[in-house]
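Data first, discussion second: the structure below is written as structure tokens.
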Amino acid sequence: MTIEQFFKATSYALITGGFLTLALSGRVDAVSCILYVTALIASWFADRPGSRLQISERVANWCVLGYLPFAYFDLRYLSSSWIGALVHFVLFVSVFKLFQVKRDRDWVFLYLLAVFEMLLAAGLTIDALFLLLLAGFVLTGLAALQAFEIVRTRRTARQATRVVTLSHNGQRVRSGGRPIPYLVATTLVMALLIGVLSVPMFFILPRWNSGLLAQSFAEDTAMTGFSDLSIALGSVESIKTDERTALRIRVPGPFPSHRHWRGMVLTQFDGREWTRPEAERRIAVPQRDGRYILDDRPPGPLVTQTVYVEPMATGALFHCGEPWFAYNLRGLARDATGTFYRAERGSRLSYTVATSLVEAPEESLRQDPLVYDAAIRQTFLQLPSDFDPRIAQLAREATANATNGYDRARAIEQYLKTRYFYTVDLQRGREPDPIVDFLFETRRGHCEYFASAMALMCRSIGLATRLAAGYHLGEYNDVNQTYVVRQADAHAWVEVYFPQTGTWVEFDPTPPSTTARTNRSDWLASVRRYLDALRMFYIDYVIAYDAQRQRMLARDAGSAVAQYQTATQAYVNAHRRHFRAWLEGYAYWLYAVVQDGQWMRSVMTILLLVGTALLTLGGYLLWRRLRRTPRLMFERRWLSWLTPLLRRTLRGDECQSAVLFYDEMGALLRRAGYRRAPSQTPLEFATAIGFEEALTITHAYNQARYGARLDTDPQQIEHALQALRRRLRTQRRILPAKRTS
């Protein structure tokens with residue numbers, strides 16, 4: 001592969017990477033994807049000199065200007081969002097630049113468009129796959145920029161002069177230039193250095209944001225679900241088939257399967273819709289030490305839940321258990337029913353809530369006399385004006401064998417759970433009242449019908465009841481201890497109030513076969529769990545990384561270091577006594593060895609023999625290396641003393657002897673301050689310094705290198721070298737004398 005082909009491949013890979021990250025966000029429609037991919041492939045084959053598919057820069061600019069009126073039409077009538085219109089415009093400009101006859105600035109413009117697509121995608125997606133695409137984008141970007149600079153420089157620079165290098169024996173030295181592997185290796189090293197430098201800086205630099213994942217780009221994609229004020233029968237049916245993720249919740253460990261993520265409670269039912277009149281009277285939740293205090297009672301064992309909310313229409317505060325405090329929120333309010341309202345909705349955000357999962361003992365609940373005050377009876381025992389008495393009769397029949405309020409509620413729950421069937425494809429019967437039709441005609445429904453029927457049955461026999469809405473627990477990922485909750489997990493259930501313990505107890509009458517999806521255990525499910533864990537890590541430490549999480553990370557790192565130090569200290573303390581005993585025993589043994597003269601003489605003899613063997617081996621290896629590369633004696637001054645000893649061995653033939661004499665002469669002249677310029681030949685150098693001895697040795701060197709035979713006597717060469725050495729010594733003695741005079 002030539003450097004030009006490498007430049008083209010990396011450039012198109014960079015452009016393709018920018019488009020893929022934008023397509024990952026889901027804002028590129030299928031038609032635009034197909035058209036852009038087709039244009040990208042066609043432009044690859046059209047990008048060659050003389051291609052008829054290429055257009056001029058002028059035509060491309062006019063096409064871009066002609067697209068502007070269509071961009072306004074796209075914004076008003078097609079995309080219905082300025083983000084979609086902007087994506088279409090960027091892709092359109094990129095296509096025309098790809099088909100244009102490209103100069104250097106056009107490639108730079110395409111690179112900038114790819115970077116803009118990457119930045120746009122960063123604000124539109126929180127998928128962990130973006131990290132992989134970003135890594136590939138960085139690698140291809142570095143490679144493309146390096147190749148672009150090389151191609152641009154080669155186009156403008158003059159042809160370099162070819163340099164031939166010869167070794168000391170006259171053979172040509174091969175050049176090992178391999179530009180493409182070198183560029184690839186350089187790219188990987190640069191990317192590694194960028195990662196090593198940038199990742200710690202990302203976690204260390206101070207944060208000034210408030211810890212929210214709010215993204216203005218995603219505000220128009222808020223999911224619909226439960227309303228903040230009411231739930232009509234059948235409202236869950238429309239979202240039961242929606243598999244989009246609604247919540248991701250990090251918890252210390254798995255929760256009991258019967259628990260739920262509660263978002264709101266409703267109190268009034270008119271026969272077809274549950275409402276909450278108390279929602280009109282909200283009060284702000286007070287803050288203390290940066291936390292919203294949700295319960296003034298002394299807290300018991302608390303469980304921390306970090307909730308990551310996708311854009312949705314509701315502002316409910318989702319949690320499991322009774323909440324005590326929350327933080328990382330911008331405003332929080334509550335009403336008389338205990339429902340909490342976030343100030344922000346329609347955007348991604350994260351918050352942390354601490355709740356109590358402690359449940360009242362069943363024996364205490366069975367002993368509760370269920371004495372309600374007037375306010376409780378008015379709110380939580382309300383029945384519709386057209387309440388059918390058959391519902392109350394059915395409740396009495398279902399609880400005929402129960403002797404207390406708790407067992408009555410459990411009896412109604414089991415009655416509905418075992419004698420009715422779950423379905424999202426609801427078929428109405430002849431009864432006009434939907435709950436009566438569900439109980440006595442169709443006997444099929446989804447969670448709102450089961451929960452509404454149980455609430456009316458409980459209220460008809462004197463149990464204070466409210467409807468709770470939220471989600472099932474969802475899928476638990478044990479890799480990162482996170483629940484993934486989807487829109488299809490939307491659910492409604494019943495809570496019954498027991499005044500003696502002051503608790504609301506959950507009852508779920510929906511049949512268990514459909515209440516929650518089961519976790520698969522095959523290898524595909526394992527891969528999915530790891531991908532979800534990677535996505536959660538990306539959300540937690542990149543998207544939602546704020547000052548609060550920065551402090552938590554620093555605290556966790558400090559705790560890990562402290563634990564390591566504690567464990568190390570405990571290990572050292574445990575083995576210190578054994579180590580001290582071993583050290584004392586070794587010291588006594590060493591003292592005994594020193595005192596024993598005969599044993600000491602034996603040790604010294606062995607060491608002397610080993611040292612002699614090592615010196616002999618080292619001398620032999622040095623002699624072998626000098627036989628292969630004799631000029632080392634002259635390049636390394638500390639080896640020059642070996643020259644007289646090895647002269648006969650190394651200068652066996654006349655040609656090799658002449659070359660070595662020249663190398664030794666060069667070393668002597670360099671130490672005396674005479675250095676040959678790269679542009680000088682050996683003969684020009686010898687003539688320039690004007691030494692007769694140097695000319696003699698140089699002539700012999702040229703005969704040995706380039707001639708058929710050596711005319712000069714080796715003894716004459718050696719005498720010339722000795723004379724040159726004496727001349728240089730005399731010169732060194734004369735120069736200091738002149739300086740002092």
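General remarks:
- Members of segment 104-120 found to be free of Cβ contacts under 8 Å to residues at least 24 places away in the same chain and not aliphatic (A, V, I, L, M), listed by number: 105, 109
- Of all residues in segment 428-442 being over 22 Å from residue 465 (Cα atoms) and assigned to a loop (DSSP other than H, G, I, E, B), the one that is modelled with the highest pLDDT: 432
- Output for segment 369-395, where each listed residue is more than 30 Å from residue 436 (Cβ to Cβ) and not hydrophobic (A, V, I, L, M, F, W, C): 369, 373
- A search for C-beta distances below 6 Å between a residue of segment 341-366 that is crowded, with 17+ Cβ neighbours inside 10 Å and any residue that is assigned to a helix (DSSP H, G or I), counting only pairs 6+ apart in sequence or on different chains, returns 346/219; 347/219; 365/406.
- Neighbours by Cβ (under 7 Å, 6+ apart or cross-chain): first from segment 77-98, closer than 15 Å to residue 18 by Cα; second of a type in the set (Lys, Arg): 87/27
- Hey, residue 577 assigned to a helix (DSSP H, G or I), at pLDDT below 70 and of a type in the set (Lys, Arg) or not: no
- When segment 324-371 is limited to residues that are more than 38 Å from the chain's Cα centre (by Cα) and at pLDDT below 85, the one that is farthest from residue 261 (Cα to Cα) turns out to be 336.
- Flag for residue 81 being closer than 26 Å to residue 122 by Cβ, under 37 Å from the mean Cα position of the chain (by Cα), buried (at least 18 other Cβ atoms within 10 Å of the Cβ) and among the small types (Gly, Ala, Ser): no
- Filter pass, residue 94 being buried (at least 17 other Cβ atoms within 10 Å of the Cβ), over 18 Å from residue 48 (Cβ atoms) and touching a His at 6+ places or on another chain (Cβ under 9 Å): no
- Sole residue being under 24 Å from the mean Cα position of the chain (by Cα), surrounded by fewer than 22 Cβ atoms within 10 Å (Cβ to Cβ), within 19 Å of residue 29 (Cα to Cα) and modelled with pLDDT under 80, chosen from 122, 128: 122
- Of all the numbered requirements in (1) closer than 17 Å to residue 11 by Cα; (2) assigned to a helix (DSSP H, G or I), residue 102 misses one, and that requirement is (2).
- Count of segment 266-305 residues, restricted to those that are buried (at least 21 other Cβ atoms within 10 Å of the Cβ) and either assigned to a strand (DSSP E or B) or among the charged types (D, E, K, R) (or both), is 6.
- Some residue of segment 646-665 being touching a helix residue (DSSP H, G or I) at 6+ places or on another chain (Cβ under 8 Å), crowded, with 18+ Cβ neighbours inside 10 Å, at pLDDT 80 or above and in a helix (DSSP H, G or I): yes
- Taken as a whole, the condition of being in a strand (DSSP E or B) and in contact (Cβ under 8 Å) with a residue 60 or more places away in the chain does not apply to residue 463.
- Residue check, residue 32 outside any loop (DSSP other than H, G, I, E, B), within 23 Å of residue 7 (Cβ to Cβ) and hydroxyl-bearing (Ser, Thr, Tyr): no
- Filtered residues of segment 672-720 (kept if of a type in the set (Lys, Arg) and surrounded by fewer than 13 Cβ atoms within 10 Å (Cβ to Cβ)): 675, 709
- Subset of segment 449-479 that is out of contact with any strand residue (DSSP E or B) (no Cβ under 7 Å at 6 or more places or on another chain) and not assigned by TED's automatic domain parsing to the domain that holds residue 380 - its residue that is modelled with the highest pLDDT: 478
The values are calculated or read from the model by the stated rules, or taken from the named source; none is laboratory data. From a predicted model like this one, the values you see are computed outputs, not experimental measurements. Glycine also receives a Cβ, built like all others from the backbone with ideal geometry; neighbour counts cover every protein chain displayed.
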